[in-house]
1. Going through region 140-189 one residue at a time, which ones are small (Gly, Ala, Ser) and over 19 Å from residue 207 (Cβ atoms)?
2. Considering region 53-64 alone, what residues qualify as being surrounded by 15 or more Cβ atoms within 10 Å (Cβ to Cβ) and closer than 20 Å to residue 85 by Cβ?
3. For region 151-179, give me each residue that is in contact (Cβ under 8 Å) with a residue 24 or more places away in the chain, surrounded by 16 or more Cβ atoms within 10 Å (Cβ to Cβ) and over 17 Å from the mean Cα position of the chain (by Cα).
4. Just one of 183, 221 is surrounded by 22 or more Cβ atoms within 10 Å (Cβ to Cβ) and of a type in the set (D, E, K, R); which is it?
5. What do you reckon, is residue 182 of a type in the set (A, V, I, L, M, F, W, C) and touching a residue at least 12 places away in the same chain (Cβ under 8 Å)?
6. Kindly list, by first and then second residue, each pair from a residue in region 31-47 that is assigned to a helix (DSSP H, G or I) to a residue that is surrounded by fewer than 10 Cβ atoms within 10 Å (Cβ to Cβ), limited to pairs with Cβ atoms under 9 Å and residues at least 6 apart or on different chains.
7. Just to be sure I understand, how many residues within region 218-275 are among the aromatic types (Phe, Trp, Tyr) and under 25 Å from residue 132 (Cβ atoms)?
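The values are calculated or read from the model by the stated rules, or taken from the named source; none is laboratory data. If you're wondering where the values come from, they're calculated on a predicted model, not measured in any experiment. Here the Cβ is made from the backbone with ideal geometry for all residues, glycine too, and neighbour counts use every protein chain on show.
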Amino acid sequence: MNLSFFAVAAQATWKQLKPAIVKETVLLPALGFAGLILLWWAIALVRRDLMPTPLDAVTKNLDYILNPFYRRGPGDLGIGWLLLASLRRVIAGFSLGAAIAIPVGLAIGMSRTTMLVVNPIIQLLKPVSPLAWLPIALAIFGLAEPSAVFVIFITSLWSTIINTALGVSSISKDYLDVGKMLEMPKFRQIFKIILPASLPYIFTGLRISLGVAWLVIVAVEMLTGGIGIGFFVWDEWSRLNLSSVFLAVFIIGLTGLLLDYALVKIQTLVTHRPVRS
């Protein structure tokens with residue numbers, strides 16, 4: 001009897017919440033996207049010499065859309081392969097950056113001495129444009145591929161370091177006192193108290209770093225050339241093929257959205273808490 005009551009109550013609650021969930025997750029985002037498309041269409045109709053309409057962008061790029069992974073010779077690859085090449089560089093540089101930034105952020109947050117030593121370095125290097133590192137990277141590595149990964153690595157450091165340090169410094173002193181009372185070793189305090197309590201801040205830093213890294217890789221590939229979505233944009237612009245440029249812009253934006261969504265899902269799995277984003 002009780003189980004039936006709770007089942008009926010849960011079903012009634014779901015029926016009440018379902019329209020709100022559909023509205024927030026489907027209808028309102030779709031409305032915003034439709035508004036953007038309409039704005040693009042309106043500008044394109046006024047200035048046909050400036051940009052193609054969305055319909056033109058689709059019809060002129062059907063080959064890229066329907067066959068994203070074609071191979072038709074050296075350098076003639078589908079846009080799917082170009083996107084994967086850019087993603088490989090971003091993930092490599094971002095992973096290296098996270099592996100360095102999280103421990104450094106923990107150390108800064110746990111030790112005032114470390115903070116005083118490292119903070120001037122961060123404040124000095126953080127304002128430097130990521131592209132300013134590209135000539136240095138090319139001089140060091142001599143190749144475009146590792147240079148691009150290095151620039152992404154540098155780009156991925158600062159937001160993660162700062163947010164991790166902020167998360168550690170925001171931990172309640174009561175939690176740390178409990179660890180001391182239980183005579184926990186320092187490494188055990190880190191993994192049992194400090195790191196779990198800092199995870200929301202860490203993931204916030206990771207999300208910012210990943211977004212900036214994806215933004216920067218497009219600019220880096222425009223300068224270094226080779227295979228990648230950034231070079232595709234520059235190459236199509238050189239050919240005055242604006243329809244393909246707009247297709248690439250859409251793909252870049254959608255990929256950035258999916259990368260952030262994937263990181264949110266990882267955060268939910270790790271922290272066991274829903275993320276409002």
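1. Within region 140-189, the subset small (Gly, Ala, Ser) is 142, 144, 147-148, 156, 159, 165, 167, 169-170, 172, 179.
Across region 140-189, the qualifying residues are 142, 144, 147, 148, 169, 172, 179.
2. Correct list: 61, 64.
3. Correct list: 165, 166, 167, 168, 171.
4. On the way: 183 fails: surrounded by 22 or more Cβ atoms within 10 Å (Cβ to Cβ).
Criteria check complete, one pass: 221.
5. No: the conditions fail for residue 182.
6. 43/50; 44/50
7. Of the residues in region 218-275, the ones among the aromatic types (Phe, Trp, Tyr) are 231-232, 234, 237, 246, 250, 261.
Subset that is under 25 Å from residue 132 (Cβ atoms): 231-232, 234, 237.
Adding up the residues that qualify gives 4.
Matching residues to (1) assigned to a helix (DSSP H, G or I); (2) at pLDDT below 90; (3) not acidic (Asp, Glu):
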| position | (1), (2), (3) |
| --- | --- |
| 232 | yes, no, yes |
| 237 | yes, yes, yes |
| 240 | no, yes, yes |
| 244 | yes, yes, yes |
| 253 | yes, no, yes |
| 257 | yes, no, yes |
| 260 | yes, no, no |
| 263 | yes, no, yes |
| 277 | no, yes, yes |
